[in-house]
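Here you go, one structure.
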Amino acid sequence: MRCAGGVFREGWTPASTTIVQGLLQAGWTVVLAHPERHAHFQRNLSLLEELVQMGVHLQVTSSSLLPGRSAPAAARCAYELMERRLVSVVASDCHDLRRRRCDLRDAAELLRNTYGAHVARMLTSTVPRALLACKTVDRALIWQHAPAAEPYWERILRHILRRQTDDG
């Protein structure tokens with residue numbers, strides 16, 4: 001397996017999909033970072049499903065999962081990607097401490113309360129470490145212990161209410 005990083009600066013086109021297919025066929029691991037923040041993917045979740053089926057890993061930004069910390073469209077897309085079990089990694093995207101708050105710990109807590117400790121650990125620690133070490137990751141193992149799908153907003157509301165009860 002080969003690992004490398006790259007950026008599609010001109011947006012996503014059919015040629016982008018062809019490039020990704022070529023990378024995967026050549027044995028590269030492809031991780032698509034923060035797709036929830038791109039309007040094209042927000043409108044085309046089926047494209048993300050197709051990419052994941054091809055072998056692409058999706059990395060969602062932690063702030064997109066936390067209420068009020070991202071644009072509403074990005075949050076909706078991130079929630080839907082989680083519901084569809086398409087996410088392989090949750091990361092902070094914290095390039096520095098001045099411009100972007102590092103909120104991975106908050107997201108990990110939300111993931112634990114929403115999907116369980118196994119999924120939280122897989123998304124925030126186990127899978128990122130494996131990908132950085134250029135190891136193969138079986139996406140099915142990430143979600144195998146997740147609770148049955150229920151509307152994300154119900155779980156978020158339960159998480160918020162639980163925090164208020166714990167704090168008060």
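The values are calculated or read from the model by the stated rules, or taken from the named source; none is laboratory data. Owing to the predicted nature of the structure, the values given are computational and were not obtained by experimental measurement. Ideal geometry is used to build each Cβ from the backbone, glycine not excepted, and the neighbour counts take in all protein chains shown.
Would it be correct to say that Leu32 is modelled with pLDDT of 90 or more and either part of a helix (DSSP H, G or I) or in contact with a Lys or Arg (Cβ under 6 Å, 6 or more places away or on another chain) (or both)?
It is false that Leu32 is modelled with pLDDT of 90 or more and either part of a helix (DSSP H, G or I) or in contact with a Lys or Arg (Cβ under 6 Å, 6 or more places away or on another chain) (or both).
Within the stretch 85-101, identify whether any single residue is hydroxyl-bearing (Ser, Thr, Tyr) and at pLDDT below 90, and answer yes or no.
Yes, the stretch 85-101 contains at least one residue that is hydroxyl-bearing (Ser, Thr, Tyr) and at pLDDT below 90.
Let's see how each residue does on (1) within 13 Å of the chain's Cα centre (by Cα); (2) closer than 11 Å to Leu86 by Cα; (3) surrounded by fewer than 16 Cβ atoms within 10 Å (Cβ to Cβ):
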site: Gly27; (1), (2), (3): no, no, yes
site: Val30; (1), (2), (3): no, no, no
site: His40; (1), (2), (3): no, no, yes
site: Glu50; (1), (2), (3): no, yes, yes
site: Met54; (1), (2), (3): no, no, yes
site: Gln59; (1), (2), (3): yes, yes, no
site: Ser64; (1), (2), (3): yes, no, no
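Please go through the stretch 121-156 and pick out each residue that is closer than 18 Å to Leu65 by Cα, modelled with pLDDT of 70 or more and surrounded by fewer than 12 Cβ atoms within 10 Å (Cβ to Cβ).
Residues satisfying the conditions are Pro147, Glu154.
Would you point out the residue of the stretch 66-94, among those that are farther than 14 Å from Ala107 by Cβ and of a type in the set (Gly, Ala, Ser), that is surrounded by the most Cβ atoms within 10 Å (Cβ to Cβ)?
Selected residue: Ser88.
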